[in-house]
Amino acid sequence: MNIKENLNKLKKNKIVFIFAPWLIYALYLILIAAPQYESASKLIIKSTDGGSSFDPTSLLGGSIAGVSGSNDSQVIEAYIQSNDMLQFLERSLHISEHYSSDMGDIFSRLSGNHTKLDFFEFYQQHVTVEVDSASSVISLSVRAFSPEFAQQINRAIIERAENFLNEINNNLAKSKMTFAQGEHQIVEDKLQKAKQDILAFQSEYNVLDPTAEGAVSQQIAFSMQSTLAQKRAELNTLETMMSPNASEVISLKRQISAIEEQMNEQRENLSKQTGQQSLSVTQQMAQYSNLQIQLQLAIQAFSSSLVSLENARVEAYQQLQHLVTIESPTLPDDNAYPKIVYNLVLFGVILLIVYGTVRIVIATIKEL
């Protein structure tokens, strides 16, 4: 019986049950709640667009700026909402003093004895970042208890996010260039070694080019042999026509003897050189040819390495990204929060839903 009486009283006081909390909340929003101002800005990440390999003809057309993918925008989004950004704002602007000041009411301001986790959650509630999946535009909104401070926080976040993006770009570019320069240095060292090997070979055997010198010596030998054969043929002809004591025959014999003596001297010099050196002429030519091949390969590798180094430099430039401000941080004219009408309507709907639920429970109990 007591239960039914209480239910009847609750039914009669339904207006008080709904209106009293709503009125209290309305008084709080109108008289007590501190105004919060929102500064908004829009950003986008842009990078130099180009091919992955160096093409000299592409320099004639210049570079084309392109918009980076949404993944880069999401990196900036995560960084803005990170604890690192919060610590930067605290060091530079001391935002905890503002958010815990008397400018905010007891329910909206940051507690004076807040923990690090409370401060971080409060920061994430007052700094919101959204990335448009289609355009990769980053929308940044910052709430504060004064319009000037909200704009100041927004600008500081943009500046720090841009520095963060530049640090990432510089580190990646330096890593790529350091690797490319290291590989190029290895190739350059090989080229210098190949040059030094040839110089050492030339100095050791006192030759510039064994192949060329061998060809010249062979050509001289063939020429002398041809001349000797020609002179001998002339001598045979003269001996059939003249006496052995004829001046022409004697002169020709002297020429033949001189040619033969010169050929013998050349053979002796060649034998002496071969005896003094550890390698024969043929072996010298083979070793020198191998050194020449190594030098040519080193030159080709050096040329390719120069192109690769230039490609790395161009790619590093093409992958540089910049945080471009589409819409500068706004200075709000009026407070965006609290939204009095919206909040009161929403709270009234919630009270009606709660009241309807209670009525259903009451009706169920009466049936029992």
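The values are calculated or read from the model by the stated rules, or taken from the named source; none is laboratory data. Just so it is clear, the structure is predicted and the values come from calculations on it, not from any experiment. For neighbour counting, all protein chains shown are included, and Cβ atoms are generated from backbone atoms with ideal geometry for every residue, glycine included. With ligands, DNA and RNA removed, areas are computed over all heavy atoms of the protein, side chains included. Shrake-Rupley method; radii C 1.70, N 1.55, O 1.52, S 1.80 Å.
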> Which members of segment 110-130 meet the condition of being within 20 Å of Pro147 (Cα to Cα) and surrounded by fewer than 18 Cβ atoms within 10 Å (Cβ to Cβ)?
Replying inline: Gln124, Gln125, Thr128
> Which one of these does Ser39 not meet: (1) in a helix (DSSP H, G or I); (2) modelled with pLDDT of 90 or more?
Replying inline: (1)
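Conditions (1) at pLDDT 80 or above; (2) among the aromatic types (Phe, Trp, Tyr); (3) under 23 Å from Lys46 (Cα atoms), marked per residue:
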position	(1), (2), (3)
Ala150	yes, no, no
Asn154	yes, no, yes
Leu172	no, no, yes
Ala180	yes, no, no
Glu183	yes, no, no
Gln192	yes, no, no
Ile198	yes, no, no
Ser203	no, no, no
Ile220	no, no, no
> Any chance segment 270-279 includes a residue that's open to solvent by 50 Å² or more (accessible area, probe 1.4 Å), part of a helix (DSSP H, G or I) and either at pLDDT 70 or above or in contact with a Cys (Cβ under 6 Å, 6 or more places away or on another chain) (or both)?
Replying inline: no
> Which members of segment 136-171 meet the condition of being β-branched (Val, Ile, Thr), within 30 Å of Arg313 (Cα to Cα) and assigned to a helix (DSSP H, G or I)?
Replying inline: Ile158, Ile168
>> Residues to consider are Ser175, Ser133; find the one that is within 26 Å of the chain's Cα centre (by Cα), exposed (fewer than 15 other Cβ atoms within 10 Å of the Cβ) and not in a helix (DSSP H, G or I).
In response: Ser133
> Just a yes or no: is a residue in segment 141-153 touching a Gly at 6+ places or on another chain (Cβ under 9 Å) and surrounded by 16 or more Cβ atoms within 10 Å (Cβ to Cβ)?
Replying inline: yes
>> Please go through segment 315-333 and give me each residue that is within 10 Å of Ala173 (Cα to Cα) and modelled with pLDDT of 70 or more, ordered by number.
In response: Glu315, Leu320
